[in-house]
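Chemist: One structure coming up, written as structure tokens, with questions to follow.
The values are calculated or read from the model by the stated rules, or taken from the named source; none is laboratory data. None of the values given here were measured: they were computed from a predicted structure. FYI the Cβ positions are ideal-geometry reconstructions off the backbone, even for glycines, and counts take in every protein chain you see.
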Amino acid sequence: MTDDVLAEQVGYYRSRAGEYDATAYGDVDTARARIARLVRAMAPRGRVLELACGTGMWTEALAREAGSVHAVDAAPETIAIARGRVREGAVSFEVADVFAWRATGAYDVVFFSAWLSHVPQARFDEFWGLVRDRLAPGGRVLFVDEHVDEQAKEAFVGDEVVERRLADGRTFRIVKHFVDPAALRDRLDGLGWECRIERDGDDWILGEARIGDGRLD
């Protein structure tokens, strides 16, 4: 995976910030209710690190459940929207590239939504190593993404690369692959993670992962 596609991916989400909620979620109020329900069920507690927070739809729900949330995203335009959206809770925001970011401190939960599907397969191990470094002992990883059954909706132009078009007609290439739960569990198992994945509706998967022998019931 070339760096120019990853740079184009950041540019795409910067340019899409103003239209993201409507195009990604459709009915935003319905989506917020669904997100709030799922976050309550996942029960993030303590210090939460949210990677690729986007416009703050999930940050808003996390802030109601967690002790604190530190939300990171590479697009300052989406961070600005998230700052305006999240009105409660102990939340801090930071503009940073997830792959390059090297924070100090440990978190009880690392959370990401619609992000794993944008991580190049060649950087999968690296990414999960970064996540491991940010977890406190006994910490959890919580994630949400799209099930492999949804992949037909994308226009693939290469191996794990799709082309997306904005409302103004501009096109961008981004990394995209969909989650096959069995394959993801196997790959994480090879890296020393215990992982549980379930579906919510036809489109989303919910995952929880822990390091080592802290098996998930």
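Chemist: Go through the residues of the stretch 102-116 one by one and say whether even a single one is part of a loop (DSSP other than H, G, I, E, B), on the phi > 0 side of the Ramachandran plot and modelled with pLDDT of 95 or more.
Modeler: yes
Chemist: On to the next question. Can you tell which of E126, E94 is among the acidic types (D, E) and either in a helix (DSSP H, G or I) or more than 28 Å from E8 (Cα to Cα) (or both)? Steps first, please.
Modeler: Numbers: E94 fails: either in a helix (DSSP H, G or I) or more than 28 Å from E8 (Cα to Cα) (or both).
Of E126, E94, the one residue that is among the acidic types (D, E) and either in a helix (DSSP H, G or I) or more than 28 Å from E8 (Cα to Cα) (or both) is E126.
Chemist: Something else about it: If I go through the stretch 185-217 residue by residue, how many of them are in contact with a Cys (Cβ under 7 Å, 6 or more places away or on another chain) and aliphatic (A, V, I, L, M)?
Modeler: The number of residues fulfilling the criteria is 2.
Chemist: Kindly establish whether R85 is within 24 Å of V162 (Cβ to Cβ) and surrounded by fewer than 21 Cβ atoms within 10 Å (Cβ to Cβ). Write out each step before concluding.
Modeler: Details: within 24 Å of V162 (Cβ to Cβ): no; surrounded by fewer than 21 Cβ atoms within 10 Å (Cβ to Cβ): yes.
No.
Chemist: How many of the residues in the stretch 52-72 are surrounded by fewer than 23 Cβ atoms within 10 Å (Cβ to Cβ) and under 13 Å from the mean Cα position of the chain (by Cα)?
Modeler: 2
Chemist: Can D145 be described as within 15 Å of the chain's Cα centre (by Cα) and not in a loop (DSSP other than H, G, I, E, B)?
Modeler: Numbers: within 15 Å of the chain's Cα centre (by Cα): yes; not in a loop (DSSP other than H, G, I, E, B): yes.
It is true that D145 is within 15 Å of the chain's Cα centre (by Cα) and not in a loop (DSSP other than H, G, I, E, B).
Chemist: Let me ask something else. With (1) in contact (Cβ under 8 Å) with a residue 60 or more places away in the chain; (2) over 16 Å from the mean Cα position of the chain (by Cα); (3) surrounded by fewer than 15 Cβ atoms within 10 Å (Cβ to Cβ) as the list, and R102 as the residue in question, which single condition is left unmet?
Modeler: (1)
Chemist: So, one more: With respect to F178, determine if the residue is in contact with a strand residue (DSSP E or B) (Cβ under 7 Å, 6 or more places away or on another chain) and without any contact (Cβ under 8 Å) to a residue 24 or more places away in the chain.
Modeler: no
Chemist: Suppose we filter the stretch 191-204 for residues that are within 14 Å of V141 (Cα to Cα) and buried (at least 18 other Cβ atoms within 10 Å of the Cβ); how many remain?
Modeler: Matching residues across the stretch 191-204 total 3.
Chemist: May I pose another question? Restricting to the stretch 157-190, count the residues that are surrounded by 13 or more Cβ atoms within 10 Å (Cβ to Cβ) and in a strand (DSSP E or B).
Modeler: Of all residues in the stretch 157-190, those surrounded by 13 or more Cβ atoms within 10 Å (Cβ to Cβ) come to 160-164, 166, 172-181, 184-185, 187-188.
Imposing the further condition that a residue be in a strand (DSSP E or B) reduces the set to 161-164, 172-175, 179.
Count: 9.
Chemist: Right, next: Which numbered condition in (1) small (G, A, S); (2) surrounded by 16 or more Cβ atoms within 10 Å (Cβ to Cβ); (3) touching a Pro at 6+ places or on another chain (Cβ under 9 Å) is the only one that S113 fails?
Modeler: All conditions pass for S113, except number (3).
Chemist: Being touching a Ser or Thr at 6+ places or on another chain (Cβ under 8 Å) and surrounded by fewer than 17 Cβ atoms within 10 Å (Cβ to Cβ) is the filter here; which residues of the stretch 90-99 pass it?
Modeler: Correct list: A90, S92.
Chemist: Moving to a separate point now. Taking A152 as meeting all but one of (1) closer than 22 Å to E198 by Cα; (2) of a type outside the set (S, T, Y); (3) in contact (Cβ under 8 Å) with a residue 24 or more places away in the chain, write down the number of the exception.
Modeler: (3)
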